[in-house]
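S.K.: Quick one: structure below, then a few questions.
The values are calculated or read from the model by the stated rules, or taken from the named source; none is laboratory data. Computed from a predicted structure; not experimentally measured. For neighbour counting, all protein chains shown are included, and Cβ atoms are generated from backbone atoms with ideal geometry for every residue, glycine included.
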Amino acid sequence: MTRVTLAEYQGRCDTSHRAVGHAPKVLREYIDLNRSSCDLDVYAPEVILHEIKDISDIPVHTLDSHIVMKSGNSVFEKIRNKFRMFSNIRHVLKHSDADIVWFFNVEFYLFLYLALTGAHGRRIVVTLFLDGYHTGALASLKQKIFETGQKRVFRCISAGPSFSFKNMPYSFIPDYIYDGSVYDKYRTMEKEDYVVCLGTMDSGKQLEDLVAGFSSISYRLIITGRFYDKERLERLKAAATDNIEISDSYPSAEEYLSLIGHARYTVLPYSKENYSHQTSGVMQEALFTDSIVLTYEDILAGNSIPGLGFTSYSDIKDSLLSADGNLERNAGILKKYDDLRRSTYDRDIIREGYRRVFE
């Protein structure tokens with residue numbers, strides 16, 4: 001049986017040391033999917049491990065460093081966070097004695113580390129939620145470093161169906177699975193006439209444009225998530241009309257899925273330049289709960305997920321969102337969601353994909 005280390009080197013958390021992002025969720029899923037076919041152990045910061053239940057049969061190694069997510073980090077704090085990630089990566093590669101080290105929550109600095117130091121003779125597997133760096137002043141340099149680091153990777157698990165990589169072998173496996181025991185009760189909830197926006201409310205979300213767009217119509221919009229920038233939160237609240245609710249909170253799993261499960265639509269206010277080349281956990285869980293995805297057409301196409309596409313926020317009208325006037329259209333989208341749950345996101349199909357990666 002192949003020995004595999006699952007490694008989470010970031011440890012992103014809020015100022016209360018509560019994990020943020022999808023690392024705890026996917027770590028738990030990856031353990032459940034692979035524990036019968038691989039000999040697993042886990043390396044992760046305590047802020048991540050604290051969120052994981054029922055893994056007493058899996059050896060766990062606690063990494064010392066984590067990253068506190070907050071607004072207004074100084075240059076020194078930002079540099080220190082990068083060195084914390086490097087320290088965690090180095091510790092895993094030095095101390096793990098597994099056949100494969102699987103970094104499953106990956107960003108640019110892992111590839112920078114690999115480009116600078118190599119793989120220390122290890123077979124490294126990575127899961128990637130984006131296919132490269134396409135925007136920003138440093139995009140070209142970051143892409144070159146990214147491609148150099150790829151040469152040190154044994155295999156890549158691509159979470160995006162249309163991603164391609166220049167210097168490493170890769171195969172498509174979604175990062176989330178459809179688990180009926182988790183999602184069925186939310187999928188069958190009676191839908192209500194509102195659009196929900198969930199997740200971390202960081203600078204990557206086009207919230208100003210979203211609020212402006214919904215301020216010109218009457219359809220209800222609920223924005224719920226952690227705001228690190230409290231001044232931005234207050235500006236958005238001041239600009240919002242009565243049909244828009246904005247809250248700074250970190251909903252529980254039950255609250256989060258209930259909000260999606262009741263929502264007729266889930267909006268993803270992401271940059272189309274980035275997210276047409278990047279996956280979204282919120283998008284996948286909207287699909288799992290039959291909440292129709294509302295976002296840029298390019299993002300839907302890049303993720304091979306049907307939904308309501310727009311080219312600008314001015315395209316969002318009450319007539320576009322009206323359930324009564326779009327019964328046939330919405331039913332067709334939900335039929336495609338059911339097809340995807342039974343194929344691309346099926347547990348057994350995904351488990352077999354992992355088995356082939358680690359064989």
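S.K.: Do you know which residues across region 4-26 are under 22 Å from ASP179 (Cβ atoms), at pLDDT 95 or above and not acidic (Asp, Glu)?
M.R.: Once the filter is applied, which keeps residues that are under 22 Å from ASP179 (Cβ atoms), at pLDDT 95 or above and not acidic (Asp, Glu), region 4-26 yields VAL4, LEU6.
S.K.: So, one more: Identify, from the list GLU107, GLU147, the residue that is under 23 Å from the mean Cα position of the chain (by Cα), surrounded by fewer than 20 Cβ atoms within 10 Å (Cβ to Cβ), closer than 25 Å to TYR30 by Cβ and of a type in the set (D, E, K, R).
M.R.: GLU107
S.K.: Can you spot a residue in region 149-165 that is touching a Leu at 6+ places or on another chain (Cβ under 8 Å), modelled with pLDDT of 95 or more and among the hydroxyl-bearing types (Ser, Thr, Tyr)?
M.R.: yes
S.K.: Report yes if some residue within region 7-19 is closer than 21 Å to ILE350 by Cα and either surrounded by fewer than 20 Cβ atoms within 10 Å (Cβ to Cβ) or out of contact with any Asp or Glu (no Cβ under 9 Å at 6 or more places or on another chain) (or both); otherwise report no.
M.R.: So far as region 7-19 goes, yes, one or more of its residues are closer than 21 Å to ILE350 by Cα and either surrounded by fewer than 20 Cβ atoms within 10 Å (Cβ to Cβ) or out of contact with any Asp or Glu (no Cβ under 9 Å at 6 or more places or on another chain) (or both).
S.K.: What pairs come up if the first residue lies in region 198-219 and is assigned by TED's automatic domain parsing to the domain that holds SER291, the second is loosely packed, with under 14 Cβ neighbours inside 10 Å and not in a loop (DSSP other than H, G, I, E, B), and their beta carbons are under 6 Å apart, counting only those six or more places apart or on different chains?
M.R.: Every condition considered, the pairs that remain are ILE217/ASP318; SER218/ASP318; TYR219/ASP318.
S.K.: Still on this model: Among what's in region 270-303 and is at pLDDT below 95 and of a type in the set (Gly, Ala, Ser), pick the residue that is surrounded by the most Cβ atoms within 10 Å (Cβ to Cβ).
M.R.: SER280
S.K.: Could you check region 157-189 and list, in sequence order, the residues that are of a type in the set (D, E, K, R) and free of Cβ contacts under 8 Å to residues at least 12 places away in the same chain?
M.R.: Matches in region 157-189: ASP184 only.
S.K.: I'm told ALA119 meets every condition in (1) touching a Lys or Arg at 6+ places or on another chain (Cβ under 6 Å); (2) touching a residue at least 40 places away in the same chain (Cβ under 8 Å) except one. Can you identify the failing condition by its number?
M.R.: (2)
S.K.: Counting residues that are within 22 Å of SER304 (Cα to Cα) and not β-branched (Val, Ile, Thr), which strands (runs of 3 or more DSSP E) fully inside region 79-197 reach at least 2?
M.R.: Per the criteria, 155-158, 170-172.
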